[in-house]
Amino acid sequence: MPLKVGDPAPDFELPAVAGERQITMRSRDYLGTRNLVVTFHPLDWTPT
């Protein structure tokens, strides 16, 4: 079922790069402490 505006985001984990390190970002690490904005960039960093 798709999310609607105002729905809470589901718990998720995503691979990420922080400086030279590869890390896993977890939404639950920010729950209740900070705002979290997730954006998607389809085909970013791919040859065109």
* Give the relative contact order (percent, whole number) for the chain; include only Cα pairs under 8 Å separated by 6+ residues. => 22
* May I ask for the percentage of alpha-carbon pairs in the chain that lie more than 16 Å from each other? => 56
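No value in this document is a laboratory result; all are computed from the given coordinates. None of these values were measured; they are calculated from a predicted model.
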